[in-house]
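Asks: Okay, here's the structure, questions in a sec.
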Amino acid sequence: MIKYFKAFIFFLCLWPLGIIISNIYYNDLGPEPVKKIMNHFGEWTLIFICLTLSMSPLKRITNLSFWIKFRRMLGLFVFFYATIHLLTYVGLDYRFDWEPIINDVLKKKYIFIGFSAWLLLIPLAATSSQKMIRILRHNWKNLHRLIYAIAIFGSLHYIWLSKTIFFKPLIYTAIIVVLLALRIKIKKRDINYG
Amino acid sequence: MKKISFSEITPEKIYLKRRDFIKKLGLSTSSLMIGQNFLNNAYASTNNLEPTEYRYISTYNNYYEFGTRKSDPVEKSQNFKTEPWNIKIDGEVENKINISALEINNMFESEERIYRLRCVEGWSMVIPWMGFSLSKLLEKAKPNNKAKFVEFISVYDPAQMPGQKYPILQWPYREGLRIDEAMHPLTTLVTGLYGKKLPNQNGAPLRLIVPWKYGFKSAKAIVNIKLVEKMPTSSWMRSSPREYGFYSNVNPNVDHPRWSQASERVIGSGILSERIPTQMFNGYGDEVADLYSGMDLKKYF
C-alpha cells in the first residue's frame, strides 16, 4: 500500500515540471519566459526544502513514523529542482556565457550563496542511498544536517535577489525559521527524555 | 503643430498590423517614421524601435501601491478613481499652480513618444507613450532661482491602493530630478499609452517618464510637483540608500550592489531570445550625456 502511495507522491512531485512543460507547449509563459521558468523552479526548490524539513517535526507531532519514508524522495526533489533552476540560469538565461556567470558567482552575494547551496546539495544527493547510509553510519546524520545550512542559504538567496523582502521572501524565511526552531526544541526534549 | 486628440491616433491593432505589413514589404522602420513625422517632434521618434505588445505593457508592472507582484497593478487598479484629479505645482515658483488632469490634457497637446524603458530589475520594453515635455508645464509655474531640484509626489490613498497598507516603501511615493533634468525635453509628462488613455496600472492619470533613467525614477499618479532648493530624498533612496541613488541613470558599468546591470532581457521576446547589452543612458546618451559632464557616475549613481 505504502509503495503505491509513494509512487503517487512521486508523480505529484513532478507537477511543477509539468506546469512548465504545459506552459511551453501552450506558449503561455508570459512577458518574461526565461525569468518565469527560473523563478518557478527556484520557488519550488524552496517549497521542497520546506517539505523535506517538515517530515521529522510531523513525525514528532503525529507520532507516526510514516512521514520519514518520504524524506529522501522529497530531498532528492530539492536537488532535482535546484539543478533545473541552476541550468535555466546558466543555459537559458546566460547561454553558457561563462564570463558574466563567473563574475556573478564571485561578486554578487545572492548568486554566490545560491550556488553554494547547490554545491552543498551534491554530497547529500550522492549519499542518499541505503548503501551510503550503512557505509557512513553516524557520519551520515551529521553530513545530512547540511540541509539546515542549505535552507538558510536558500532563503537568503531569495531575499537578496528581491527588490524588497515583501512578501514572498519574508514568508519563506519565516517558514524555514520555524522549521529549524522546531528542531532545537526536539533536541532539547531528546536530552531531557532520552 | 497640429493638435491630436486620442481618437485620431491609430488604434493599437491597426498600428501593429501596419508595422507588420511594412516589415513584410521589407521597408525599414525609418521609412515608416517619415510617414509618422507629423506626429512626432525631434524628441519623439527613436528609430528602429519595435514597440512591446500592449498586453505586456499593461499587465507586467511594478506599481507597489497596488502590490508587489507584477500582476497586482492590473488586477487591483481597475476601480481606482482618476477623476477628479488635481495636481499642485508649488515650492520655489513664482506662480503656484493648482490644475486638474483634464485641464492639463486640454492645455498641452500630447504626442506619441516611443521610448525604451529599462527597469532596474534587468528587463526592458519599448513603449509608445502619449505625452509632452514636462518643461512646458514647469515653465507656466515659473521656477525661481532657488529652484535647484524637482520633487514628484504620488498619490496617497490606502483605501484604494492596498499596497500602501504595508510598509513596503515610504508612502506616498516620492521621486526627484535635478532642475536641468526635469527641464530636458526628453523628460515627459505622460497622459496616454498606445494612442489611448493611460491605463490605471501604468500610472494614470499623469505620470512621469525619464527614458534615460531606471523605470522607478518615473513616478506614477502624481499629485504634487514641488520645486525645491535641496536634493529631495526619494522613496527608494530612503528604503536602501546604498542601492538606489538619486540619479539612477541607466549605466551598464555601474552594477546594482546585488545584481549586474550589464545586460537586459527584452519583454515579449520569447523563451529562446538572448539578453541584449544595456546601453549607457539607455541609448539616450547623445541627448543627455552633457547633463553629467565631469561627474563621476560611479559616485553619483
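Asks: Which numbered condition trips up B:R113, out of (1) buried (at least 18 other Cβ atoms within 10 Å of the Cβ); (2) part of a helix (DSSP H, G or I); (3) away from chain A (no Cβ under 14 Å)?
Replies: Unmet for B:R113, out of (1) buried (at least 18 other Cβ atoms within 10 Å of the Cβ); (2) part of a helix (DSSP H, G or I); (3) away from chain A (no Cβ under 14 Å): (2).
Asks: Follow-up. Kindly evaluate B:F281 against the criterion of being more than 9 Å from chain A (Cβ to nearest Cβ), of a type outside the set (D, E, K, R) and in a loop (DSSP other than H, G, I, E, B).
Replies: On the way: more than 9 Å from chain A (Cβ to nearest Cβ): yes; of a type outside the set (D, E, K, R): yes; in a loop (DSSP other than H, G, I, E, B): no.
Here the answer is no, as B:F281 does not meet what is asked.
Asks: What is the residue count in segment A:99-131 for residues that are loosely packed, with under 14 Cβ neighbours inside 10 Å and more than 13 Å from chain B (Cβ to nearest Cβ)?
Replies: Adding up the residues that qualify gives 7.
Asks: Still on this model: Suppose we keep only residues that are among the β-branched types (V, I, T) and either touching a residue at least 12 places away in the same chain (Cβ under 8 Å) or more than 9 Å from chain A (Cβ to nearest Cβ) (or both) within segment B:244-278. Which one would you say is farthest from B:Y60 (Cα to Cα)?
Replies: Let us first name the residues in segment B:244-278 that are among the β-branched types (V, I, T), namely B:250, B:254, B:266-267, B:271, B:276, B:278.
Add one more test, that the residue is either touching a residue at least 12 places away in the same chain (Cβ under 8 Å) or more than 9 Å from chain A (Cβ to nearest Cβ) (or both), and what stays is B:250, B:254, B:266-267, B:276, B:278.
Working: B:V250: 20, B:V254: 25, B:V266: 12, B:I267: 9, B:I276: 19, B:T278: 20 Å.
Looking at residues that are among the β-branched types (V, I, T) and either touching a residue at least 12 places away in the same chain (Cβ under 8 Å) or more than 9 Å from chain A (Cβ to nearest Cβ) (or both), I get B:V254.
Asks: Which of the strands (runs of 3 or more DSSP E) contained wholly in segment B:130-204 include at least 2 residues that are surrounded by 22 or more Cβ atoms within 10 Å (Cβ to Cβ), modelled with pLDDT of 95 or more and within 14 Å of another protein chain (Cβ to nearest Cβ)? It would help to see each step written out before you state the result.
Replies: Values: elements: B:149-154, B:174-178, B:188-193.
Qualifying strands (runs of 3 or more DSSP E): none found.
Asks: Can you tell me which residue among B:Y214, B:Y244 is over 18 Å from B:V126 (Cβ atoms) and hydroxyl-bearing (S, T, Y)?
Replies: Details: B:Y214 fails: over 18 Å from B:V126 (Cβ atoms).
After applying the criteria, what remains is B:Y244.
Asks: Now, a different point. Examine segment A:84-98 for a residue that is assigned to a helix (DSSP H, G or I), buried (at least 19 other Cβ atoms within 10 Å of the Cβ) and of a type in the set (F, W, Y), and state whether such a residue exists.
Replies: yes
Asks: Just checking, does segment A:18-35 include any residue being at positive phi and either surrounded by 19 or more Cβ atoms within 10 Å (Cβ to Cβ) or within 14 Å of chain B (Cβ to nearest Cβ) (or both)?
Replies: Kept after step one, since they are at positive phi, are these residues of segment A:18-35: A:27, A:30.
Next cut, either surrounded by 19 or more Cβ atoms within 10 Å (Cβ to Cβ) or within 14 Å of chain B (Cβ to nearest Cβ) (or both) only: A:27, A:30.
Yes: segment A:18-35 contains one or more residues that are at positive phi and either surrounded by 19 or more Cβ atoms within 10 Å (Cβ to Cβ) or within 14 Å of chain B (Cβ to nearest Cβ) (or both).
Asks: For A:L161, which of the numbered conditions (1) at the interface with chain B (Cβ under 10 Å from one of its Cβ atoms); (2) without any contact (Cβ under 8 Å) to a residue 12 or more places away in the chain; (3) of a type in the set (A, V, I, L, M, F, W, C) fails to hold?
Replies: (2)
Asks: Further question: Considering only segment B:182-239, state which residues are under 13 Å from the mean Cα position of the chain (by Cα) and charged (D, E, K, R).
Replies: B:R207, B:K213, B:K217, B:K220
Asks: Working carefully through the options A:M73, A:M55, A:M38, find the one that is within 14 Å of another protein chain (Cβ to nearest Cβ), assigned to a helix (DSSP H, G or I), under 17 Å from the mean Cα position of the chain (by Cα) and of a type outside the set (S, T, Y).
Replies: Working: A:M73 fails: within 14 Å of another protein chain (Cβ to nearest Cβ); A:M55 fails: within 14 Å of another protein chain (Cβ to nearest Cβ).
So the residue among A:M73, A:M55, A:M38 that is within 14 Å of another protein chain (Cβ to nearest Cβ), assigned to a helix (DSSP H, G or I), under 17 Å from the mean Cα position of the chain (by Cα) and of a type outside the set (S, T, Y) is A:M38.
The values are calculated or read from the model by the stated rules, or taken from the named source; none is laboratory data. Worth saying up front: this structure is predicted, and the values here are computed from it rather than measured. Here the Cβ is made from the backbone with ideal geometry for all residues, glycine too, and neighbour counts use every protein chain on show.
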